[in-house]
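**Q** I have a structure I would like to understand better, so I am pasting it below and will then ask my questions one at a time.
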Amino acid sequence: MAVVHYHEGRFPPPTLDWPTLIPLLGPAAASLARYDGMLAAIRNPEILLSPLTTQEAVLSSRIEGTQATMGEVLEFEAGQKAASPERRDDIYEVLNYRKAMRKAEELLMELPLSQRVVRETHRVLLSGVRGQNRSPGEYRRMPNWIGPPGCRIEEANFVPIGADRLPDAMSAWERYLHSELPDRLVQLAILHVEFEALHPFLDGNGRLGRMLVPLFLWQMGLLRRPMFYISAFFEARRDVYYERLLAVSRDDDWTSWCRFFLEAVRGQAEDNLTIATAILELYDSMLKRVAELTRSQYAVHALQWIFEKPIFKSSDFVAMARIPAPTARRFLSVLRDSGVLTTVVESSGRRPSVYAFGKLLNIVEGSDVF
Ligand SMILES: Nc1ncnc2c1ncn2[C@@H]1O[C@H](COP(=O)(O)OP(=O)(O)O)[C@@H](O)[C@H]1O
Ligand SMILES: [Mg+2]
């Protein structure tokens, strides 16, 4: 197969096949608005949706081969050792992803979404472990290419723009980002594929390009929080995702990509809504249950802490939940005995136990893993 090269001089696309796209716009926007309505109804989405944020980092990283699971990431944060050095690096990548999202959110409180925000977010994404020798925060100064692992440039599927033309191309990308366009979702679809086709960094382009999705939706006022989780759709359809990206440069087929992207937004808005609703229901029912079980004024407090850290070390809960220690210990034994918490690691000697809040994790994983 011939190597496909960047679509030099053909961005932004002069036309799209609107009759194909128009039927998809309303449903995608409507689903997104329903999901945003849900965000409005959650008093503390940062806490309640925090496992979804972790899961997004896991799935977005998995698209290019990172193997760590959400359970492994949370267990690692609870002080457990990773299964192998390779897995530990995977976990650090996922943790960096979450940190990078937080960094971007902070920057966007002060600045518009821009190349500067992209670079600073990239710096956090690639700091430490595997990223540090891949120029965190800096555009590449050499060619890169996409293809089978370790392939030569002649064997690549796709060769992004030459490094010498990257600065101008990124400026054009940024101008497009700041344009007032009639449809924000189509604009975002095109921003994503253009970012991937330029591949401005040595690594991390896919992850950063997917982070753009919630950040842009937030910035444009389509979401009240930068919390939207797109990657499950792409991860489940990785080959189609790559093929649609490639077809833009190969065949000038922007429309099929936009269509796929609009389907992703709609599908994920619906899934995100279902999951967020289930989490909220779980929270409400747990609040009643924990209040009954403990008869304590600290019930809300304890529950929020556990929602944010659904796998945790008992000693962390006692030390960090800001609940008097004897009460905190009583909580843990009541919650364990009533089956709300399951034991991941039994305590032994001075080593504390590790507990998991299985119901929450299963909702986010979409299956009964805990
Ligand atoms: N043919 C293609 N054209 C443009 N982008 C592509 C193509 N195939 C894959 N991609 C994008 O490249 C990303 C991988 O690039 P990479 O810099 O390794 O990102 P990451 O390290 O975050 O996975 C994929 O996730 C996808 O978004
Ligand atoms: Mg990569």
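The values are calculated or read from the model by the stated rules, or taken from the named source; none is laboratory data. Given the structure is predicted, the values throughout are model-derived calculations rather than measurements. Reconstructed Cβ throughout: ideal geometry from the backbone, glycine too, with neighbour counts over all protein chains shown.
**Q** Of all residues in the range 184-224, count the ones that are under 14 Å from the mean Cα position of the chain (by Cα) and among the small types (Gly, Ala, Ser).
**A** Qualifying residue count, the range 184-224: 3.
**Q** Is it the case that residue 153 is of a type in the set (A, V, I, L, M, F, W, C), in the same structural domain as residue 95 (by TED's automatic domain parsing), away from ligand 1 (no atom under 13 Å from the Cβ) and touching a strand residue (DSSP E or B) at 6+ places or on another chain (Cβ under 7 Å)? Even if it seems obvious, please write down each step before you answer.
**A** On the way: of a type in the set (A, V, I, L, M, F, W, C): yes; in the same structural domain as residue 95 (by TED's automatic domain parsing): yes; away from ligand 1 (no atom under 13 Å from the Cβ): yes; touching a strand residue (DSSP E or B) at 6+ places or on another chain (Cβ under 7 Å): yes.
Yes; evaluated as a whole, the condition is true for this residue.
**Q** Just give me the residues in the range 123-136 being within 14 Å of ligand 2 (Cβ to nearest atom) and either in a helix (DSSP H, G or I) or of a type in the set (Gly, Ala, Ser) (or both), in sequence order.
**A** Those that are within 14 Å of ligand 2 (Cβ to nearest atom) and either in a helix (DSSP H, G or I) or of a type in the set (Gly, Ala, Ser) (or both): 125, 129, 130, 131, 135.
**Q** If residue 103 satisfies all but one of (1) away from ligand 1 (no atom under 14 Å from the Cβ); (2) surrounded by 15 or more Cβ atoms within 10 Å (Cβ to Cβ); (3) farther than 25 Å from residue 264 by Cβ, what's the number of the condition it fails?
**A** Result: residue 103 fails condition (3) only.
**Q** Could you please let me know if residue 203 is within 16 Å of ligand 1 (Cβ to nearest atom), surrounded by fewer than 24 Cβ atoms within 10 Å (Cβ to Cβ) and of a type in the set (Asp, Glu)? Give the derivation first.
**A** Values: within 16 Å of ligand 1 (Cβ to nearest atom): yes; surrounded by fewer than 24 Cβ atoms within 10 Å (Cβ to Cβ): yes; of a type in the set (Asp, Glu): yes.
Yes.
**Q** Taking the options 194, 154, name whichever one is away from ligand 2 (no atom under 16 Å from the Cβ) and surrounded by fewer than 19 Cβ atoms within 10 Å (Cβ to Cβ).
**A** Working: 194 fails: surrounded by fewer than 19 Cβ atoms within 10 Å (Cβ to Cβ).
Sole residue among the options that is away from ligand 2 (no atom under 16 Å from the Cβ) and surrounded by fewer than 19 Cβ atoms within 10 Å (Cβ to Cβ): 154.
**Q** Show the residue pairs that are 6+ apart or on different chains and have beta-carbon atoms under 9 Å apart, the first residue being within the range 288-313 and closer than 17 Å to residue 48 by Cα, the second being surrounded by fewer than 16 Cβ atoms within 10 Å (Cβ to Cβ) and acidic (Asp, Glu).
**A** 299/292; 308/46
**Q** While we're here: If you take just the helices (runs of 4 or more DSSP H) that sit entirely in the range 175-271, which of them hold at least 1 residues that are within 14 Å of residue 13 (Cβ to Cβ) and touching a residue at least 12 places away in the same chain (Cβ under 8 Å)?
**A** Details: elements: 184-198, 205-219, 231-236, 238-251.
Those helices (runs of 4 or more DSSP H) span 184-198, 238-251.
**Q** A further question follows. Which of the residues belonging to the range 47-67 are surrounded by fewer than 20 Cβ atoms within 10 Å (Cβ to Cβ), at pLDDT 95 or above and of a type in the set (D, E, K, R)?
**A** Answer for the range 47-67, where residues must be surrounded by fewer than 20 Cβ atoms within 10 Å (Cβ to Cβ), at pLDDT 95 or above and of a type in the set (D, E, K, R): just 62.
**Q** Which of the residues belonging to the range 106-122 are buried (at least 17 other Cβ atoms within 10 Å of the Cβ) and part of a helix (DSSP H, G or I)? Show your work before the answer.
**A** Filtering the range 106-122 down to residues buried (at least 17 other Cβ atoms within 10 Å of the Cβ) leaves 107-108, 113, 117-122.
Hits for the range 106-122 are 107, 108, 117, 118, 119, 120, 121, 122.
**Q** Scanning for something in the same structural domain as residue 60 (by TED's automatic domain parsing), within 16 Å of ligand 1 (Cβ to nearest atom) and out of contact with any Leu (no Cβ under 6 Å at 6 or more places or on another chain), does the range 176-186 turn up at least one residue? Before the answer, list the steps.
**A** To start, the set of residues in the range 176-186 that are in the same structural domain as residue 60 (by TED's automatic domain parsing) comprises 176-186.
Imposing the further condition that a residue be within 16 Å of ligand 1 (Cβ to nearest atom) reduces the set to none.
The answer is no, given that none of the residues of the range 176-186 is in the same structural domain as residue 60 (by TED's automatic domain parsing), within 16 Å of ligand 1 (Cβ to nearest atom) and out of contact with any Leu (no Cβ under 6 Å at 6 or more places or on another chain).
**Q** Another one. At pLDDT 95 or above, in a helix (DSSP H, G or I) and assigned by TED's automatic domain parsing to the domain that holds residue 62: is that true of residue 139 in this structure?
**A** Taking the combined requirement at face value, the residue does not satisfy it.
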